[in-house]
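The structure appears right after this line, and notes come after that.
The values are calculated or read from the model by the stated rules, or taken from the named source; none is laboratory data. Everything numeric in this text was worked out from a predicted model, so none of it was measured. As a convention, Cβ positions derive from the backbone with ideal geometry for all residues, glycine included, and neighbour counts pool all protein chains shown. Ligands, DNA and RNA are stripped out before the accessible areas are found, and what is left, the full protein with its side chains, is counted by its heavy atoms. Shrake-Rupley method; radii C 1.70, N 1.55, O 1.52, S 1.80 Å.
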Amino acid sequence: MPEAAPGCDEFDPNAKTLEQARAAILEVCRTITQSEQVTLEEALGRTLAQPVHARIDVPPAAVSAMDGYALRAADATQGTRLALVGTSAAGHPWDGEVQPGQCVRILTGAVVPAGADAVIMQEQVERGDDAITLQKGGLAPGHNIRGTGDDTAAGSPLYAAGQRIGAAEIGVLASQGIAGVSVLRRPRVAFFSTGDELVSVDQPLGPGQIHDSNRHTLRALLAAYPVDAMDYGVVRDTEEEVSRALTRAGEEADLIITTGGVSVGDADHVTRVLQASGQVGFWKLAMKPGRPLAFGHFGQAHFFGLPGNPVAVMTTFALLVRPALLQLAGRDATEPQTLNARLLEDLYKTPGRTDFQRGLLETDDRGWVVRAAGGQGSHQLRAMSDANAYVVLPRESAGARAGDWVEVLPFREVFPEV
């Protein structure tokens, strides 16, 4: 592998590492504590604001675990003949009391009648018109019966505040007859693109213009999180327009995301407005793609000024915006899990920044393998579509050679499906 060319050292003492940036972001992004009441249908993916306790026993009565016959365990002797006196079905319990020498036909989920304390499988009896003969004996009380409160006992704690509500939790709440819960308010996220060169996707391109892909990408990324996304559209390259948009967002949102305009060029008005009217946490990251990234505060909102290149937008969102969104929503913001894979081709980089190169992660007969997926320029969004993982090349390295074991971050860890 060739050495880095002289003058290409990218070490910047003022640039934060990814780990430093992430820690600084999570330090200031506190969970939103305001709550709201939502219906069970609206609760999926939300975070409980208050603990929930069971209101009733589930099941509310002893029920059969299978189709069979309810009887007295004392009568469960092989060869015994029992009179069939009724049927208990789910929703239609038999209201009599089983006496010695009797049994009741019972279906799965049906209430076990009074007097019975065991259920024998229908396959273990021989049935006549009005009686059964047991082909098996020795049943203990409680056999094939789900006891009252066997799943959940009335008054017991169900979920603590901070619990994320998934499909299973929805089912449990429904089983308790709970039609609504108190959840944390969704973080409000305002986002917009900046640049006079940007044109709506439904408009033809003029000289020097490109379609605005970043805003559509951000909208799609935000859809996977419990947030209220507010699309401010494209903001033109003037300090007045940028200041107006940021002021509005600083009043309406909990978090602001912009793309472009955060470097040090003549048209980088986001930088100037943030310096003049906001608070800056840091400007530079020792990572690629994504060196120019501004994080700070504007009005009442946290602020992320992402780079303008689309691959850098997706990468910085995945690694830094994502944990902030999760923490604001009261969700787990632990670091994504990486794995090791064998590299199938040489990858090159300049020392100075941790490089997240787009890769295709696969398996062969020896385990995980990875190779480059398309071009590695921060403008080459197509490669993100072709890839399924990042190959993480350390800050100090000049790349890796085919056959090396490298760290890989699967996209599934940072780009959840909607």
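The table for this structure:
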| read-out | value |
| --- | --- |
| Rounded to the nearest 10 Å², the accessible area of MET287 at probe 1.4 Å | 0 |
| Binned Cα-Cα distance frequencies in the stretch 31-190 - 5 Å width, integer % | 2, 9, 16, 16, 11, 8, 8, 8, 8, 6, 5, 2, 1, 1, 0, 0 |
| Global geometry of the stretch 237-335, whether rounded, prolate or oblate, following the gyration tensor of its Cα atoms and the 1.5 cut on a/c | oblate |
| Three-way shape call for the stretch 332-418 based on the alpha-carbon gyration tensor, with the a/c threshold at 1.5 | rounded |
| PHE356 accessible area, assembled protein chains, probe 1.4 Å, Å² | 10 |
| Correct choice for Kirkwood radius over Cα pairs in Å that was computed from the model, options (1) 22.2; (2) 23.9; (3) 26.0 | (3) |
| Top of PRO289, PRO100, PRO310 by mean-square fluctuation, Gaussian network on the chain, Cα under 10 Å | PRO100 |
| Accessible area of SER213 in the full protein assembly, 1.4 Å probe (Å², nearest 10) | 50 |
| Å² per residue, accessible surface of the stretch 302-359 at 1.4 Å | 28 |
| Per-pair calculated FRET efficiency, R0 = 22 Å: ALA220 and HIS379 via Cβ, rounded to 0.05 | 0.75 |
| Beta bridges by DSSP in the chain, antiparallel share as percent, to the nearest 5 | 65 |
| Diffusion constant of the stretch 55-102 at 37 °C, which comes from Stokes-Einstein with the Kirkwood Cα-pair radius and 0.692 mPa s, µm²/s | 261 |
| Of all accessible heavy-atom area on the chain, the percent that carbon and sulfur account for (1.4 Å) | 48 |
| Equivalent ellipsoid semi-axes - Cα gyration tensor, the stretch 183-307, angstrom | 21, 19, 14 |
| 1.4 Å probe accessible area per residue over the stretch 7-166, in Å² | 53 |
| Kirkwood hydrodynamic radius of the stretch 1-110, from inverse mean 1/r over distinct Cα pairs, in Å | 21.8 |
| 10 °C / 1.306 mPa s Stokes-Einstein diffusion coefficient of the stretch 336-384, Kirkwood radius on C-alpha pairs, µm²/s | 130 |
| Equivalent-ellipsoid semi-axes of the stretch 137-257, from the Cα gyration tensor, Å, largest first | 54, 18, 8 |
| Degrees between helix 239-252 axis and first principal axis of the chain (Cα, 0 to 90, nearest 10) | 20 |
| Spherically averaged projected area of the stretch 283-364 from its Cα convex hull (nm²) | 7.3 |
| Solvent exposure, largest accessible area first (probe 1.4 Å, DNA, RNA and ligands not counted), of ASP150, ASP237 | ASP150, ASP237 |
